[in-house]
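Bear in mind that the values in this text are calculations on the coordinates, not laboratory data. Nothing here was measured: the structure is a model prediction, and the numbers come from that model. So basically every Cβ, Gly included, is an ideal-geometry build from the backbone, and we count neighbours across all protein chains shown.
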Amino acid sequence: MSLDTQHTDERWLFRQIAEGDEAAFERIYRAYVPQLASFLKRFSVSDREVDEIIQETFLRVWLQRDKLPEVEFPKAWVFRISSNIIFNYMKRSVTEENAKNVIGGNAQHKHNDTEETLHLHQLMAAIARAVENLSPQRKRIYELSRHDGLTIPEIAEKLGLSNNTVKNTLTSSLQLIREFLQEHGYDINYFLLLSFTTYIGLTENAG
C-alpha cells in the first residue's frame, strides 16, 4: 500500500470511528500498537508501563472521537497524544525541565491533559465499582485474570472449572462492566474496554 493510499485509508477509518464504528477502531488499534510500543520503549519504560500508556492513548482517542473527522494526519495525532502521556509520566520521575529536554514537552496541552487525566481516574473508579457489583465467582475469575495475570487454562485449573466456563464468565463479566459504565454515562468501546481491563488470555489463550 502506498503512503498516500494508507493515509487516505486512515482518515476514512477516523471518520468511521467518529460515528462509533468499533471495527474501524479495532483496525486502527491493531495497526498502531506495534509502532507505538516501539516508540515508547525508547524512553526506557517497562513493558507494563508501555501497555498502560498505549491503553490510555486509545482511551483518549475514543473519548475525543468527535474531533477525528478534522484530523488530517491520523498517525501523527495519535503519536502526539502518546507523547503527551509519556511526558506527564516522566515528569513524575524526573524534573520537568529534564523531561522537556528528552521529548520536547507540550505545555500548551497541560489544561486538556489535566481534564483527560481526571476523566481517566473517574473511569477507573467506575470500573472498580462495576467489578464490586459482580457475583463472587465472576469477581474471583476477573481478579485472577486482571490482577494475577493468569491465563484461562491456569484459572480453570486453579478453580476446578472448564476452560469454556472461565472464558464465558470473563466475557459475560466484561459485558456487565460495560453495561454498568453505560448506565453511569460512560460510552466506552467494547474492544477498548477489553484491552483497558486487560483480560489476560481471553482471546489468545482461550485454549
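Looking at segment 25-93, the GluC sites (Glu not before Pro) that sit in a DSSP loop and have at most 16 other Cβ atoms within 10 Å of their own Cβ are Glu72.
Once the C-beta distance of Leu161 and Arg42 is scaled by a Förster radius of 45 Å, the resulting FRET efficiency is 0.60 to the nearest 0.05.
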